[in-house]
1. For the stretch 1-56, count all C-alpha to C-alpha pairs, find those more than 17 Å apart, and express that count as a whole percent of the total.
2. For the cross-link pairs Lys112/Lys299; Lys49/Lys232; Lys112/Lys283, which exceed 27 Å when the distance is taken from alpha carbon to alpha carbon?
3. Indicate the gyration tensor shape class of the stretch 1-121 (rounded, prolate or oblate), computed on the Cα atoms with a ≥ b ≥ c the square roots of the eigenvalues: a/c under 1.5 is rounded; otherwise a/b larger than b/c is prolate and the rest oblate.
4. Quickly rank 234-242, 248-256 as a protection proxy: mean count of other C-beta atoms within 10 Å, highest first.
5. Quick check for me: using +1 on Lys/Arg Cβ and -1 on Asp/Glu Cβ, what's the dipole size of the stretch 186-278 about its Cα centre, in debye to the nearest 20?
6. Mind pulling the angle between the C-alpha long axis of helix 284-293 and the longest principal axis of the chain? Nearest 10 degrees, somewhere in 0 to 90.
7. Post the alpha-carbon centroid distance, the stretch 161-223 to the stretch 30-51, in whole angstrom.
8. How far is helix 154-165 tilted, in degrees, relative to the longest principal axis of the Cα atoms in the chain, given as a value from 0 to 90 rounded to the nearest 10?
Amino acid sequence: MSQAIRYTDYGDADVLQLTDVPLPEPGSGQVRIAVKAVGVNALDWKIRKGFLSEGEPLPGPSGTGIELAGIIDAVGDDVSQWKAGQAVFGRSATGGAAATHDLAGADEIFGKPEWLSFEQAAALPVAVETAYRTLRQLGVREGQTLLVHAAAGGVGLMATQLARAWGATVIGTAGEPNHAFLREIGAIPVTYGEGLTERVRSAAPQGIDAVLDGSGRGVLPDSIALTGDPEKVITIADLTAAEHGVRFSARPGPAGPALEAVLPLIGQGRIHMPIDSVYPLEKAAEAHRHSENGHLQGKIILTVGQ
Ligand SMILES: NC(=O)c1ccc[n+]([C@@H]2O[C@H](COP(=O)([O-])OP(=O)(O)OC[C@H]3O[C@@H](n4cnc5c(N)ncnc54)[C@H](OP(=O)(O)O)[C@@H]3O)[C@@H](O)[C@H]2O)c1
């Protein structure tokens, strides 16, 4: 038997219940992972609230959690590269990583280096893949100035540090309590809200070459004004992107190249993904509430069986 966080109706965090479920069996090309840690993402509560359901009711009991770290405890057919007992991390194949056991595609997981804890490893897949994908789409390179909206969020932190490692200057929007934190990771912090463009112009008199919007809070017109070109702006969170001629980057690419680029920088201490807070699996509802309230400093993690 296995346990998983499940919900049967869209709604607020109280719908999340720790439930006994059958042990999932890996299909062809999949592994089963005894989960140790799960990264909580803004996407988790958006799905739970039905924001992505287009008005359709929930088709059946659903899980939550898209990234995890743990130990392989079974492999499916056609899996030769992994065996039981190996410590791995990556994306869930089911969207139900908040569980004692979950499934992942054999090509979608990575060996966990010993120097990375399970909590740290579970914090990486979504933030690293999204940051790497969007910076590549923007063509960020040495000598440029990048504006990151929501720079203190999971994706924003990773994008900020990766762009810094690639030699770019980063202006990051955040609430004032996060400004010292952003300075520590090499960004020039700017408060969001009214008067944003003037503050960004005075922080970056050289001009803004590219913008990554991780906030989704109506910053696209200001971002276009700052770069002079919607092509130089990408959002991962603003559904009005098309109205502004801005690209919405949504489709996750393979995480392999992103992790290959970022893991060595983490190992060298040049990139760091802070853990905002850790909750046991059974407190998943509390973790979702915390994510929904925003104002994090890094990732929220659920731990399993500790
Ligand atoms: N399209 C994709 O592929 C993709 C992938 C991953 C995530 N996402 C989406 O991208 C967004 C960011 O994800 P995340 O995991 O980084 O979120 P997160 O960790 O929950 O961070 C949210 C951040 O938003 C900031 N914030 C709150 N109000 C703001 C405002 N008015 N202006 C600017 N920043 C503000 C907060 O900063 P302060 O504490 O400083 O206020 C907080 O650090 C979410 O909407 C998520 O669903 C999309």
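None of the figures in this text is laboratory data; all of them are computed from the coordinates on show. Everything numeric in this text was worked out from a predicted model, so none of it was measured. A quick note on method: Cβ atoms are made from the backbone with ideal geometry, for glycine too, and the neighbour counts reach across all protein chains shown.
1. 54 percent
2. Lys49/Lys232
3. Prolate shape, in that a/c is at least 1.5 and a/b is the bigger ratio.
4. With the highest mean Cβ count within 10 Å placed first, the list reads 234-242, 248-256.
5. Details: 7 positive and 11 negative charges, 42 e Å.
That gives the stretch 186-278 a dipole magnitude of about 200 debye.
6. 10 degrees
7. Centre-to-centre distance over Cα atoms comes out at 28 Å.
8. Orientation of helix 154-165: about 60 degrees from the principal axis.
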